[in-house]
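See structure below.
The values are calculated or read from the model by the stated rules, or taken from the named source; none is laboratory data. Remember, predicted model here, so these are calculated numbers, not experimental data. A quick note on method: Cβ atoms are made from the backbone with ideal geometry, for glycine too, and the neighbour counts reach across all protein chains shown. In case anyone asks, the SASA skips ligands and DNA or RNA and just uses the protein heavy atoms, side chains included. Shrake-Rupley method; radii C 1.70, N 1.55, O 1.52, S 1.80 Å.
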Amino acid sequence: MIKAVRGTRDLLPPDTALWNFVEAAVRDVFRAYNFHEIRTPIFEETQLFARSVGEETDIVAKEMYTWEDRGRGAGSLSSSGWPPRSKSVSGADSRSGSFAESDRGQSLTLRPENTAGIVRAYIEHKMWDRGLNKFYAIGPMFRRERPQKGRYRQFYQIDAEVIGPPSAGSESPARDAEVLELVATLLDRLGIRDWTLQLNSVGCSNDRAAYNDALRKALEPVATKMCTDCQRRAVTNPLRVFDCKVPEDQPIIEKLPRISQYLDESCRKHFEQVKDILKSIGVEFHENDRLVRGLDYYTRTAFEFTHGALGAQNAILGGGRYDGLSESLGGPSAPGIGFAIGEDRLVLALKESAEAVQHKPDVYIAPLGPGTDRAAARLARELRHHDLVVELGDETFRLKKSFEAATRAGARLILIVGENEVQADTFALKNLATGEQVSVPHAELVLRIQSAG
Ligand code: AMP
């Protein structure tokens, strides 16, 4: 039997109702903050992630799904017999010039996160002309991590990004506070109360150099006692030592200098202003100067929201500023701030309230006897046009089987459409919970079914 690949999973009903509920609530909140949806491809050139997320991060060094996309001439998938080569495909292949680009192989990667792709799109479409852009996106990301509860290899993120030229106010601490308050509103709206906002400033390129030097110095005498990853990070990218999860390394990491001691005047002031606004609007936060986030592009404000009920994988979302990212991808100055919510974890946190969002059929229509499918289909069409949720049966079912199917579907009512009912244009409507049955003329059906709720 072929099974879903390790770390991937099928989202099935009734769980999908919870996912849809989350996404609808999220879209509502984004609308109130004037964010607009953006959809970028799920794969990009590998270089995009290497240059933005950072070569030394776990994501780029270990977790990306990367492949060499073969050029037109190279190799042939059909040697394995799959996929079968159809005539039309080979016909297209032989048309010279139409797919010129595919002659070259290219390194491609399934997106492990969404910010890089959105900033790439911002640059490609010269979106600075639009002033401040406020985007959101919902979709799958891919990381080859060790699967466990709350951690998957295909997982879903809800992203938000505010990006634009400095003249549009993209650098302002007011944007950071607005984004953080948006997250708080979103979690509250979804009924998630038990969250903590962990907040830090990771400085900018000015103070990062001095801080990296200090870290390198502090790590020099102790690095040999640390894991091999940290030994390498200590030389190549010492900030990444803070991503280490190895328990034995933690006492060493605890004693390292913190970025908070190295912020320059403008970064310190920026961070103070963000905190000031948060305090004045009543969004609680917890300062955590160990929080550096696992991606290289972050500058200044960095944050995570954690949730008590999630266990080991307790980060429900993370984000921060990325003021130099556009430049590092060849674009103009475009400060920005964003976050990515782990939708899988959000849904896990909401599991208890799942029952409340399930939708059940208002009515099950049970055709009874040969030739009644047509009348039943007409009625179903009519009721559905009135926004009623209708489950439609089959004329070959005996009445007992229709009752069983209606009960299994969770319908409140069953409408019986037998030959006599069709002739009289009056139908038997039975409440499955109370057992009460009434005879309802066609013209009154919609009202009777609506009022039975
Ligand atoms: P990051 O892009 O690493 O900052 O992650 C942002 C959020 O995505 C995290 O806080 C998690 O909620 C979620 N997330 C990251 N990796 C995974 C994964 N492998 N499986 C499920 N959720 C994830």
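What is the packing order of peptides 311-323, 38-50, 293-305, taking the mean over residues of other C-beta atoms within 10 Å and listing the highest first?
293-305, 311-323, 38-50
Just the accessible area for Arg412, please: 1.4 Å probe, Å², rounded to the nearest 10?
Approximately 80 Å² of Arg412 is accessible to the 1.4 Å probe.
Decide, for segment 380-453, between rounded, prolate and oblate: order the square roots of the alpha carbon gyration tensor eigenvalues as a ≥ b ≥ c, take rounded if a/c falls under 1.5, and otherwise choose prolate if a/b is larger than b/c, else oblate. Don't skip to the answer; put the middle values down first.
Values: a/c = 1.33, a/b = 1.10, b/c = 1.20.
Judged from the Cα gyration tensor, segment 380-453 comes out rounded (a/c under 1.5).
Put a dot 7 Å past each Cα toward the Cβ at Thr66 and Lys269; how far apart are the dots in nm?
Reported label-point gap for Lys269 and Thr66 is 4.1 nm.
Given the Cα-Cα distance of Thr185 and Arg151 and 0.36 nm per residue of separation, how much length would full extension add, in nm?
On the way: separation 34, 0.36 × 34 = 12.24 nm, distance 2.49 nm.
Extra length from Thr185 to Arg151 when fully extended: 9.8 nm.
When the solvent-accessible surface of protein heavy atoms is calculated with a 1.4 angstrom probe, in what order do Asp28, Asp10 fall, highest first? Let's see the in-between values first.
Values: Asp28 75, Asp10 115 Å².
If we order Asp28, Asp10 from most to least accessible, we get Asp10, Asp28.
Explain nothing, just the number: dipole magnitude of the chain about its Cα centre with +1 on each Lys and Arg Cβ and -1 on each Asp and Glu Cβ, in debye rounded to the nearest 20.
Charge dipole of the chain: 1000 debye, to the nearest 20.
Can you run phi through the Karplus equation (6.51, -1.76, 1.60; θ = phi - 60°) for segment 374-384 and list ³J(HN,Hα) in whole Hz, with x for Gly and Pro?
Result, ordered by residue: 5, 5, 5, 5, 4, 5, 4, 4, 5, 5, 5 Hz.
If you fit an axis through the alpha-carbon atoms of helix 173-189 and take the longest principal axis of the Cα set of the chain, what angle between them do you get, 0 to 90°, nearest 10?
For helix 173-189, the angle is close to 30 degrees.
Quick one: check the C-alpha center-to-center distance for segment 226-247 versus segment 273-300, whole angstrom.
Their Cα centres are 23 Å away from one another.
Between 0 and 90 degrees, rounded to the nearest ten: what's the tilt of helix 115-124 against the longest Cα principal axis of the chain?
With rounding to tens, the tilt is 80 degrees.
For segment 226-384, rounded, prolate or oblate, judged on the Cα gyration tensor with a ≥ b ≥ c (square roots of eigenvalues), a/c < 1.5 rounded, else prolate if a/b > b/c?
Values: a/c = 2.83, a/b = 2.40, b/c = 1.18.
Prolate, since a/c reaches 1.5 and a/b exceeds b/c.
Tell me, what is the per residue accessible area of segment 246-286 in Å², probe radius 1.4 Å? Write down the numbers at each step before the final one.
Values: 2500 Å² over 41 residues.
Heavy-atom accessible area per residue stands at 61 Å².
In whole Å, what is the distance between the alpha-carbon centres of segment 191-221 and segment 31-75?
Rounded to whole Å, the Cα centres lie 25 Å apart.
Sorting His359, His307, His386 by accessible area (1.4 Å probe), largest first, what list results?
Values: His359 140, His307 15, His386 90 Å².
Correct descending sequence by accessible area is His359, His386, His307.
Once both axes come from the Cα atoms, what is the angle between helix 265-281 and the longest principal axis of the chain, in degrees from 0 to 90, rounded to 10?
On a 0 to 90 degree scale, this one is about 30.
Could you work out the relative contact order of the chain? I mean the mean sequence separation of Cα pairs under 8 Å and 6+ apart, divided by the number of residues, in percent. Please list the in-between numbers first.
Values: 751 pairs, mean separation 69.6, N = 453.
Relative CO of the chain lands at 15 percent.
Using the Cα gyration tensor of segment 182-230, with a ≥ b ≥ c the square roots of its eigenvalues, what is the shape: rounded (a/c below 1.5), prolate (a/b larger than b/c) or oblate (neither)? Don't skip to the answer; put the middle values down first.
Working: a/c = 5.22, a/b = 2.16, b/c = 2.42.
It comes out oblate by the Cα gyration axes.
Any chance you could run the full-extension gain for Thr407 through Ser328? It's 0.36 nm times the residue separation minus the Cα-Cα distance, nm to one decimal. Intermediate results must be reported in sequence, preceding the final value.
On the way: separation 79, 0.36 × 79 = 28.44 nm, distance 5.93 nm.
Stretched out fully, the Thr407 to Ser328 stretch lengthens by 22.5 nm.
Roughly speaking, to the nearest percent, how much of the chain's 1.4 Å accessible area is carbon and sulfur?
51
By the scheme Lys and Arg +1, Asp and Glu -1, what is the net charge of all other residues having a beta-carbon under 14 Å from that of Arg120?
-3
What distance in nm separates the simple spin-label points at Phe397 and His286, each placed 7 Å from Cα in the Cβ direction?
Using points 7 Å along Cα→Cβ, the separation is 5.2 nm.
Note down the accessible area of Met127, probe 1.4 Å, to the nearest 10 Å².
10
Suppose every Lys and Arg Cβ carries +1 and every Asp and Glu Cβ carries -1, with no other charges. What dipole size does segment 118-193 come out with about its Cα centre, to the nearest 20 debye? Intermediate results must be reported in sequence, preceding the final value.
On the way: 13 positive and 10 negative charges, 125 e Å.
Its charge dipole is roughly 600 debye.
Kindly report the accessible area of segment 117-209 per residue (heavy atoms of protein chains, probe 1.4 Å, no ligands, DNA or RNA), in Å². Write out the running numbers ahead of the final one.
Working: 3590 Å² over 93 residues.
Counting only protein heavy atoms, the per-residue value for segment 117-209 is 39 Å².
Given Lys360/Lys430; Lys3/Lys245; Lys255/Lys275; Lys62/Lys245, which pairs have Cα atoms separated by over 20 Å?
On the way: Lys360/Lys430 16 Å; Lys3/Lys245 31 Å; Lys255/Lys275 26 Å; Lys62/Lys245 15 Å.
Correct reply: Lys3/Lys245; Lys255/Lys275.
Ordered by residue, what ³J(HN,Hα) values in Hz, to whole numbers, does segment 292-299 give under the Karplus form 6.51 cos²θ - 1.76 cosθ + 1.60, where θ = phi - 60° and Gly and Pro are x?
Coupling constants for segment 292-299: 10, 6, x, 10, 6, 6, 5, 9 Hz.
For Arg216 and Glu254, FRET efficiency with R0 = 25 Å and r from the beta-carbon atoms, rounded to 0.05? Walk me through the numbers before you get to the answer.
Details: r = 18 Å, r/R0 = 0.71.
The pair Glu254/Arg216 has a calculated efficiency of 0.90.
Separation between the Thr224 and Ser107 pseudo-spin-labels, each 7 Å from Cα along Cα→Cβ, expressed in nm?
3.4
Which values of log₁₀ I(q)/I(0), to two decimal places, follow from the Debye formula for the chain at q = 0.10, 0.14 Å⁻¹ with a uniform point scatterer at every Cα?
After summing over all Cα pairs, the log10 values are -0.87, -1.25.
May I ask you to derive the FRET efficiency for Lys126 and Ala424 from their Cβ-Cβ distance with R0 = 60 Å, giving the value to the nearest 0.05?
Working: r = 67 Å, r/R0 = 1.12.
Computed FRET efficiency for Lys126 and Ala424: 0.35.
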